[in-house]
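A.B. asks: Please read through the structure below; I'll follow up with questions.
Read-outs: derived from the displayed coordinates by stated rules, not from any lab. The structure presented is a predicted model; accordingly, all values stated were derived computationally and were not measured. Glycine also receives a Cβ, built like all others from the backbone with ideal geometry; neighbour counts cover every protein chain displayed.
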Amino acid sequence: MELSEAIVIRIKQLMKQKKLKIYDLSILSGIPRCTLSIFLNRTTKTLRLENLLFICEAFNMSLKDFFDDKVFENVEAKHWLKKTEE
């Protein structure tokens, strides 16, 4: 599983546990709703680490606690292409 997919799963897990909608997470984290939506709906696979930290703060947890979940056990960076200059 790709890291971004695992992060989405984990965020959605936590949202379900706390009974939060995207709007609620946006208010609690300070991240624009549209930014959360495009990531959670997989329109983009990138999320700034700073935004993930804000999300963790909204859930009253550390990054360490966020990543301490079985969903991250088999994560890999698929399709990573390092561009080289010619």
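A.B. asks: Given the C-alpha atoms of the chain, compute the convex hull and give its volume per residue in Å³. Write down the numbers at each step before the final one.
C.D. replies: Working: hull volume 9.7 nm³, N = 86.
Spread over its residues, the Cα hull of the chain gives 113 Å³ apiece.
A.B. asks: Relative contact order (percent) for the chain, with alpha-carbon contacts under 8 angstrom and 6 or more residues of separation?
C.D. replies: Computed over the chain, the figure is 41 percent.
A.B. asks: What's the local net charge at Leu36, with K and R +1, D and E -1, over the other residues with C-beta under 13 Å away?
C.D. replies: Net charge in that neighbourhood comes out at +4.
A.B. asks: A follow-up question, please. How long is the gain from Asp68 to Lys19 if the chain were fully straight, where each residue apart is worth 0.36 nm and the alpha carbon distance is subtracted?
C.D. replies: Full-extension gain reported as 15.6 nm.
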